[in-house]
Amino acid sequence: MRSNNTVAIHSHALGTLNYIRASIEAAGACAVPGTAGIAMGAVGIFSAILASIPELAAYWMAIWLIAAAMASAVGAALIARQRSRGGLTLYSGPARKFVLCLAPALLAGAVLTGVLWQAGESRLVPGAWLLLYGCAVLSASMMTGTAIMRLIGVMGTLFVLFGVVAFELPPRWHNLILGLGFGMLHLVFGVLIGRVNRGESAEWQT
């Protein structure tokens, strides 16, 4: 005799699918949204243009440090807005792990910047920035195997390569390669990540 408390198999399957879907969405929520990448890229391109003005060329490091602070603030604000729309806090779960993966290499970059500046080796700073930022992004991209994280991993690899190239370039090319890295790479991958996000949203809605 069948019990009245027996739950239909399809309800278990539906619950499992909903759980898997929520887990995937939570994992993907830690990634930088496409709009953040685009905004950060725009800041990078504007900074490269500003630092290329002859009267401002001597202040290139100050310009790029200000740009880094602005890009970080804009990126964090856009990530927070995306997560709040999904009912998530900014630094919880995967998002907190993502930030913690970024932090060590970024901290090393900040310390190394001061050391190189005091040692009179500021020509090495652009390469160090690009290299360590790429390492930070690569480390954060290893959290999950989602499409967005794979894109972020490719971007991190390109930053590392740009850093290696920057060490070999004469100083007159440093502003250009910083613009290509922090400007162009962020912009291009922001667009690509945005497309992936839209594709995933459309897939879940069908």
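Worth pointing out:
- Inter-part distance where the range 29-68 and the range 109-166 are each reduced to a Cα centre, Å: 15 Å
- Here the 3J(HN,Hα) profile of the range 56-64, calculated from phi with Karplus coefficients 6.51, -1.76 and 1.60 at θ = phi - 60°, is 10, 4, 5, 9, 4, 5, 4, 4, 6 Hz, Gly and Pro shown as x.
- As a rough footprinting exposure proxy, the listed residues 40, 142, 149, 184 were ranked by other beta carbons within 10 Å of their own, and the order from fewest upward is 142, 184, 149, 40.
- Ranking of 133, 59 by count of other Cβ atoms within 10 Å, fewest first: 59, 133
No lab work stands behind these numbers, since they all come straight from the coordinates. Everything numeric in this text was worked out from a predicted model, so none of it was measured. Counting neighbours? That spans all protein chains shown, and the Cβs are built from the backbone with ideal geometry, glycine included.
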